[in-house]
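Data block below; observations after.
The values are calculated or read from the model by the stated rules, or taken from the named source; none is laboratory data. Since the structure is predicted, the reported quantities are computational estimates derived from the model, not experimental observations. Backbone-built Cβ (ideal geometry, glycine too); neighbour counts: all protein chains shown. Side chains are part of the model used for accessible areas, which takes the heavy atoms of the whole protein and leaves out ligands, DNA and RNA. Shrake-Rupley method; radii C 1.70, N 1.55, O 1.52, S 1.80 Å.
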Amino acid sequence: MLDEEAAELCNAEKHERTDERKNYRSGHYQRKLLTTAGEVELSVPKLRLAPFETAIIERYKRRESSVEESLIEMYLAGVSVRRVEDVTELLWGSRVSASTVSSLNQKVYGKIEEWRNRPITGEYPYVFVDGIYLKRSWGGEMTSVSVLVAIGVAEDGYREILGACEGASESKECWRSFLVSLKERGLKGVRLFTSDKHLGFLESASEVFAETSSARI
C-alpha cells in the first residue's frame, strides 16, 4: 500500500520512464508499528524532491489507533500504569512505557475537558439531572466521589449529555456550581427539570433557573 501510494505521488511506477513523472524514488527506510497483531516492521518509501507524506499511517506514529484506544481503556478501567506495561508485552509482544501511557492519557483528559466546556447550542425544554457515587483512587486510597450529570432533551426529541461534574457531595454548593456552568455555556429554553428530591438541587435550581419549574420523581 505504501509503495502504491508512492507511485501515485510520483505519477509513475518504479523505474518507469515517462514525461508525466513528478518525483523520483530514493530507496526505503525502516520503521516499526505496534498493532493488535503484534509489532510489524514497515519499509517506507523515500522520495527525492519532497518528503513522502503517507495518508495510510500518520508521520512518526508508532502505534495503531486501536492499540492506543486499548491502552487508554485499560487505564480508565483502573489498571495501573506499571501493570499496563506488563499487559502490552503479554498481548502484543512489545512493552509500552509508562511515559507513553501517561502521554496518551493526558491527550484524553484534554479532549474530555474540551467536551465538558463546549458551548451548548439550541434549546433543551426538558433536562434530567442526577448525582451518582463512584469510587476513585486518590493518593493511593479509594474514595467515594459524586458525579453530577445533566441530560437534555432537545426540541427534536433527541437526548444529549449536556454536562458532567465531579464533586465531593450533592451539596447545594456543588449543584449550584454545576448549574451555573451549564447556564454560562448556553443552556436555555428549559421548561422542566426532572430529578430526585435532593434538597441541594431543588434550592440551587430555584436560584439559577428561577424561570423553570422542577418536577420530582
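Here GLU170, GLU166 are screened, and the one residue that is surrounded by 15 or more Cβ atoms within 10 Å (Cβ to Cβ), over 14 Å from PHE209 (Cβ atoms) and without any contact (Cβ under 8 Å) to a residue 40 or more places away in the chain is GLU170. Screening ILE151 on (1) in a loop (DSSP other than H, G, I, E, B); (2) closer than 16 Å to LEU179 by Cα; (3) among the aliphatic types (A, V, I, L, M) shows it passes everything except condition (1).
Within the range 28-43, none of the residues are open to solvent by 80 Å² or more (accessible area, probe 1.4 Å) and either more than 30 Å from VAL87 (Cα to Cα) or in contact with a His (Cβ under 6 Å, 6 or more places away or on another chain) (or both). Checked across the range 125-137, the condition of being assigned to a helix (DSSP H, G or I) and modelled with pLDDT under 75 holds for no residue. Screening SER97 with (1) surrounded by 11 or more Cβ atoms within 10 Å (Cβ to Cβ); (2) of a type in the set (S, T, N, Q); (3) within 19 Å of the chain's Cα centre (by Cα) gives one miss only, at (3). For the range 184-197, the condition of being part of a helix (DSSP H, G or I), on the phi < 0 side of the Ramachandran plot and either touching a Gly at 6+ places or on another chain (Cβ under 9 Å) or surrounded by 11 or more Cβ atoms within 10 Å (Cβ to Cβ) (or both) holds for at least one residue. Output the residue which, of all residues in the range 84-124 that are out of contact with any strand residue (DSSP E or B) (no Cβ under 9 Å at 6 or more places or on another chain), of a type in the set (S, T, N, Q) and assigned to a helix (DSSP H, G or I), is modelled with the highest pLDDT. Here the residue is GLN106. Checked against (1) outside any loop (DSSP other than H, G, I, E, B); (2) surrounded by 15 or more Cβ atoms within 10 Å (Cβ to Cβ); (3) modelled with pLDDT of 90 or more, LEU202 passes all but condition (3). Look at (1) under 27 Å from VAL81 (Cα atoms); (2) surrounded by fewer than 17 Cβ atoms within 10 Å (Cβ to Cβ) and you find that SER146 fails only one, number (2). Got at least one residue in the range 12-25 being modelled with pLDDT under 75, closer than 30 Å to VAL108 by Cβ and hydrophobic (A, V, I, L, M, F, W, C)? No: the range 12-25 contains no residue that is modelled with pLDDT under 75, closer than 30 Å to VAL108 by Cβ and hydrophobic (A, V, I, L, M, F, W, C).
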